[in-house]
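Trainee: Here it is: the structure, laid out below.
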Amino acid sequence: MSDIASEIKRRRTFAIISHPDAGKTTLTEKFLLYGGAINLAGSVKGKATARHAVSDWMEIEKERGISVTSSVLQFEYDGYCINILDTPGHQDFSEDTYRTLMAADSAVMVIDASKGVEAQTRKLFKVCVMRHIPIFTFINKMDRDAMDTFDLLDDIEKELGIATCPVNWPIGSGKGFKGVYDRNKQCVICYSDTEKGTKEGIATEIPVSDEALLRSTIGDEAADKLFEELELLDGAGAEFDLDVVQKGDLTPVCFGSALTNFGVEIFLKHFLNMATDPLPRIAEGKEINPLDEDFSAFVFKIQANMNKAHRDRVAFIRICSGRYDAQAEVRHVQGNKVMRLSQPQQIMADERKILSEAYAGDIIGVFDPGIFSIGDTLCAPKKNFKYEGIPTFAPEHFARVRQLDTMKRKQFVKGIEQIAQEGAIQIFQEFNTGLEEIIVGVVGILQFDVLKYRLENEYNVEIKLENLPYEHIRWIENHQDFDVAKLQGTSDMKKVKDMKGNPLLLFINAWSVGMTVDRNKGLILTEFSKN
């Protein structure tokens, strides 16, 4: 096997998804501890003086204790090179998560043992199913009182429509949590509340065949319940089948506590054994093999002002095939330009390391002078193809934005356009009027707070947001066939245009969409932008 092929084969690139507060960021940090990427885990919430989670770097994230943007973290563990895409759990930032899942080969789903499947997990899971991404489940917070284990598995199967296969089985929960039974090794790994910010202590393993030792360690009641549940489990649980897992139709399940650091390394080892190396991606109907020697990649995220001192923009790129060489030129397909990527770097939250090379499966950040857009393709200079685009989701909340100081128009327009290029907000203007007013559309209402915060802190511009009643937006697919100014609409309809000049319609009521189509013969309205 060539050096390039062996480097690609050892890559594992996955996204971590969960409902807010299921413990996703804590789990990410514990992974980093095992990889030696950090020496002390932070605390996501807590006093202003406490350490913050390594993956939460934006100031507003530190203040609120939630992840607003996706972070990219890379570390080495046990011969593997692991790229973690940590995503926002809060539904108002779900669009960022959808884009991140496009760059992942598998997903780790974190579920709170006391709550089961929650609303946001459902939504994110649907995206994984749509893309047939393999899903690995970590049921967290076993150190607290949990739902019945069979009910938890049943909940995953019913709510998400995916079969479950427990890799290990919990013994009790909360104060009565004794550890987990490893089904493969047929032994009980005893629970110990290790120091929270350090690596796992030495685990005590008791073979289930040594019943006397097991009973004296975990107690008769816990042992009786375990034997009873194992009998039921052998009759009820789905058989483990790696092919079915890798097709995304069966999820292996592990139990543990990220906070007390129990079961995290066990899960990580199982995950690395089962997860796939980098998967092919589709470009113009053809599969591009990751082991192809020619470099290719796509942009899945753009982030402005990651370093306030430099006022920079970073484009995050998923390498899909071959090896990236920092000295070599690449083709930016959409810009039809051959160029050298500037300042290629591996990003660890807000810390950076300049790279000379990277391989298929890796996520790298490059300096963006304002030429890249989400979904752009990069490839070897002699090649010329485009990867499948990343969909733009229709915003559901709209507001008119005004800057308070009219002298700062330049900073205001620059700021709002740069934030829009990241894909977190969409901006529109009045259609065919002289008004320069800007209307902002967002998927989740918290994005308005982030916009306000970032304009003030990064661009020194104060704004006033005036909420608008519109809830539905439609692009006009065949706008060349119509004089949009003369379209027959409804009284609750507003005509706007996006930053590319495409006309759009905003509606307050859902029924107005159909009525407008009926009134304009041949009009085609869509929920997604095709550009």
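Just so it is clear, none of the values below were taken in a lab; they were calculated from the coordinates. Fair warning: this is a prediction, and the values are worked out from it, not measured in the lab. FYI the Cβ positions are ideal-geometry reconstructions off the backbone, even for glycines, and counts take in every protein chain you see.
Trainee: Would you mind checking which residues have amide H under 5 Å from residue 187's amide H? H placed 1.01 Å from N; only 5 or more apart, or other chain.
Mentor: 182, 208
Trainee: Sticking with this structure for a sec: At 0.36 nm per residue, minus the direct Cα-Cα distance, what do residue 5 and residue 396 gain on full extension? Give it in nm, one decimal, please. Each step should come with its number before you reach the end.
Mentor: Details: separation 391, 0.36 × 391 = 140.76 nm, distance 4.42 nm.
Residue separation times 0.36 nm, minus the Cα-Cα distance, leaves 136.3 nm.
Trainee: Between residue 272 and residue 471, what FRET efficiency comes out of the Förster formula 1/(1 + (r/R0)^6) with R0 = 35 Å and r the beta carbon distance, rounded to 0.05?
Mentor: Plugging the Cβ-Cβ distance into 1/(1 + (r/R0)^6) gives 0.20.
Trainee: Karplus couplings for the stretch 152-161 from phi (6.51 cos²θ - 1.76 cosθ + 1.60, θ = phi - 60°), rounded to Hz, Gly and Pro as x?
Mentor: 4, 5, 4, 4, 4, 5, 6, 6, 10, x
Trainee: Sort 466-474, 28-36 by packing, meaning the average of other beta carbons within 10 Å per residue, with the highest value first.
Mentor: The most tightly packed comes first, giving 28-36, 466-474.
Trainee: Here is a follow-up. Would you kindly derive the ³J(HN,Hα) couplings of the stretch 76-82 from the backbone phi angles with the Karplus curve 6.51 cos²θ - 1.76 cosθ + 1.60 (θ = phi - 60°), listing them in order in whole Hz, with x for Gly and Pro?
Mentor: 9, 8, 6, x, 9, 10, 10
Trainee: Separate question: If you wrap the stretch 425-494's Cα atoms in a convex hull and average its projection over all directions, what's the area in nm²?
Mentor: Its Cα hull, projected and averaged over all orientations, spans 6.2 nm².
Trainee: Here's a follow-up. Full-extension gain between residue 485 and residue 329, please, as 0.36 nm times their residue separation minus the C-alpha to C-alpha distance.
Mentor: Values: separation 156, 0.36 × 156 = 56.16 nm, distance 4.57 nm.
Extra length from residue 485 to residue 329 when fully extended: 51.6 nm.
Trainee: If R0 is 51 Å, what FRET efficiency do you get for residue 511 and residue 410 from their C-beta distance, rounded to 0.05?
Mentor: 0.75
Trainee: Would you mind checking 30/141; 9/126; 382/497; 301/497; 301/386; 414/486 for any pair whose Cα atoms are more than 25 angstrom apart?
Mentor: From the list (30/141; 9/126; 382/497; 301/497; 301/386; 414/486), the Cα-Cα distance tops 25 Å for 9/126; 382/497; 414/486.
Trainee: Another one. So what is the relative contact order of the stretch 319-448, in percent, for Cα pairs below 8 Å that sit 6 or more residues apart?
Mentor: That works out to 21 percent.
Trainee: Additional query: So how far apart, in nm, are the two label points at residue 386 and residue 353 if each is 7 Å from Cα heading toward Cβ?
Mentor: Using points 7 Å along Cα→Cβ, the separation is 3.6 nm.
Trainee: Sorted by packing (mean other beta-carbon atoms within 10 Å per residue), highest first, where do 476-482, 322-328 land?
Mentor: Ranking the peptides 476-482, 322-328 by packing returns 322-328, 476-482.
Trainee: While we're looking at this one, here's another question. Once the piece of chain linking residue 154 and residue 241 is laid out straight, how much longer is it, given 0.36 nm per residue of separation minus the C-alpha distance between them? The partial results should precede the final answer.
Mentor: Numbers: separation 87, 0.36 × 87 = 31.32 nm, distance 1.89 nm.
Here the segment from residue 154 to residue 241 would lengthen by 29.4 nm.
Trainee: What are the ³J(HN,Hα) values, in whole Hz, obtained from phi via the Karplus relation 6.51 cos²θ - 1.76 cosθ + 1.60 with θ = phi - 60°, for each residue of the stretch 253-267 in sequence order, with x given for Gly and Pro?
Mentor: 10, 10, 10, x, 9, 5, 5, 8, 6, 10, x, 6, 5, 4, 4
Trainee: How high is the relative contact order of the stretch 395-531, given as a whole-number percent (alpha carbon pairs under 8 Å, six or more residues apart)?
Mentor: Dividing the mean separation by the residue count of the stretch 395-531 yields 28 percent.
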